[in-house]
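The block underneath contains the structure these notes are about, expressed in structure tokens.
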Amino acid sequence: MQLSAATALSGLCPGVADQNSELCRKLYSDPLRPQYHLLPACNWMNDPNGPIFYRGRYHMFHQYNPQAAVWGNMNWAHATSDDMIHWQHQPIALSPTPGGPDQDGVFSGSAVLDNGKPTVIYTGVQPPQTPTEATLKDGVHTWRETQCLAVAADDDLRTWKKLPQPVIATPPPGLEVTGFRDPCLWREAGRWMLIVGSGIRGKGGAILLYTSPDLRQWTYLHPLLESVPSGKTLTNPVDTGDMWECPDFFPLGNKHVLLISTMGKVRWKVGTYADQRFTPEKEGVVDWGSYYAAKTMLDRDGNRILWGWIPEARPDAELIAAGWAGMMSLPRVLSLTPRNELQTEIAPAARILRGRHIRAHGKEIERVLIHDLAAELDLQLQPKSDSFILRLHSNNQDFAVITCSSGPAGRELRIGKITAPLSGTRVHLHMFIDGSVLEIHANETTFITARIYQIPAGPLGIALEGSLEGGVLEAWQMNPISPNRLTAPLCS
């Protein structure tokens, strides 16, 4: 049976008792809370973990704090879907074990099928017993990171049995690492392979490669890839690029792709993988805005699907007041361009959300209205110059201003403080507005995800400024995935 939304929240958010609770009222009356992205039931979420398609359903796990709308007390929350769009919250899948290797947090990891059995390997954190055991020192926390394993005890992936001890208890001997977390797994030549996000002091970011016959006994091989030292001295090595976290590695076309998260961005590298060595040939940025900790999976049709965490961009006090923080991006399909560059687009599955449709040309575009901060916009423009401005506004107040202009390195697209390169002469903007998030796909090459914390006075209109040779807009009002902004009810 399905429980009420309030009962669902009571399982994931202690203290919520009924539909009339203060928290429930706050959540479903918050116009900044998105209506068709996967959100936490309440409180804080971050990294996608172990997304997997199993027995006809999509399972998404993610970092979750059930106690507050700020980072901390990391668990793995769990949601399921038939279509990667409509989600149902499930009970928390993995929580810290008192006295265990994950007693201070169940950090990020991956899921695989081991002889058909769903198995996850994730990073557990605990206090180091000696200073040399510490692998995470970010200026706030000092922790020992180890790689832990759990096996699903049921086909709904609700109950997991952890191994009591880590499967990888320490970094490779002789390496002074600046981090040791976020394992990624794959099968190769009859053996399991695993990479861990890391950095080597004095050498920069690194991805460490392991192999195993059974997911339990691991042998370190060598770095899959290393960087060079940044020369910067910030406390957190992730901020300087001297530690690479949240790696993902997979074949795509006739190449391999490595994703890493560092310096606030997800970066891609496309290249050749041979003899367990990776040689990058092209590289770039997945998303220039609020987007981090990306993770991929294969969908039911074998497409490579990319998920990313959309973080907040407002102070903790505002997150606590709102009662929620963070969301998952819409699913994106990955492919390679003819030049072997990584290409992403919003998955066609999102079209199921489309409601009322409008097609407008030229000046008609400025008469289109967007209601309830929930829309998909596909805009084709042919500027006469490199510069133009697109305003989303309500009652003469700007909601978002998107600017195209010439910069030192060529044409640029800007929204707020976010700037991204824009190739080509035409302009094609595919945009998804959902409460306080705006995902923009520009010219099939550039993604910007922006956070906007402004409540418009009424429907949004569109204004175009600059020298344009007409344009075409396809607009859809988007349908919510739940009736009350509570995302989806918990199943029981």
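Which condition number in (1) more than 30 Å from ASP301 (Cβ to Cβ); (2) surrounded by 14 or more Cβ atoms within 10 Å (Cβ to Cβ); (3) in contact with a Ser or Thr (Cβ under 8 Å, 6 or more places away or on another chain) is the one that THR419 fails?
(3)
When residues of segment 336-355 are filtered for being assigned to a helix (DSSP H, G or I) and touching a residue at least 24 places away in the same chain (Cβ under 8 Å), how many remain?
Residues that pass the stated criteria total 4.
Yes or no: GLU364 part of a helix (DSSP H, G or I), of a type in the set (Asp, Glu), at negative phi and in the same structural domain as LEU464 (by TED's automatic domain parsing)?
Yes: the conditions hold for GLU364.
Restricting to segment 224-256, give me the number of residues that are in contact (Cβ under 8 Å) with a residue 24 or more places away in the chain and in contact with a strand residue (DSSP E or B) (Cβ under 7 Å, 6 or more places away or on another chain).
So the answer is 22.
Kindly indicate whether THR211 is without any contact (Cβ under 8 Å) to a residue 12 or more places away in the chain and β-branched (Val, Ile, Thr).
So THR211 does not fit the description; no.
Give just the number: which of (1) in contact with a Gly (Cβ under 8 Å, 6 or more places away or on another chain); (2) surrounded by fewer than 21 Cβ atoms within 10 Å (Cβ to Cβ); (3) over 21 Å from ASP398 (Cα atoms) does PHE447 not satisfy?
Here PHE447 meets the rest and fails (2).
Determine, yes or no, whether PRO131 is without any contact (Cβ under 8 Å) to a residue 24 or more places away in the chain and either surrounded by fewer than 21 Cβ atoms within 10 Å (Cβ to Cβ) or outside the structural domain of GLY241 (by TED's automatic domain parsing) (or both).
yes
Return the residues of segment 451-476 that are surrounded by 13 or more Cβ atoms within 10 Å (Cβ to Cβ), of a type outside the set (Gly, Ala, Ser) and assigned to a strand (DSSP E or B); say none if nothing qualifies.
ARG451, LEU460, ILE462, LEU464, LEU468, VAL472, LEU473, GLU474, TRP476 - these are the residues of segment 451-476 that are surrounded by 13 or more Cβ atoms within 10 Å (Cβ to Cβ), of a type outside the set (Gly, Ala, Ser) and assigned to a strand (DSSP E or B).
Please determine, by comparing only the residues of segment 242-282 that are more than 19 Å from the chain's Cα centre (by Cα) and charged (D, E, K, R), which one is surrounded by the most Cβ atoms within 10 Å (Cβ to Cβ).
Ranking the qualifying residues of segment 242-282, first place goes to ASP242.
Can you name the residue in segment 134-158 that is among the hydroxyl-bearing types (Ser, Thr, Tyr) and either touching a residue at least 60 places away in the same chain (Cβ under 8 Å) or in a strand (DSSP E or B) (or both) and, of all such residues, is surrounded by the fewest Cβ atoms within 10 Å (Cβ to Cβ)?
Here the residue is THR142.
The values are calculated or read from the model by the stated rules, or taken from the named source; none is laboratory data. Everything numeric in this text was worked out from a predicted model, so none of it was measured. Cβ coordinates were reconstructed from backbone atoms using ideal geometry, including for glycine residues, and neighbour counts include every protein chain displayed.
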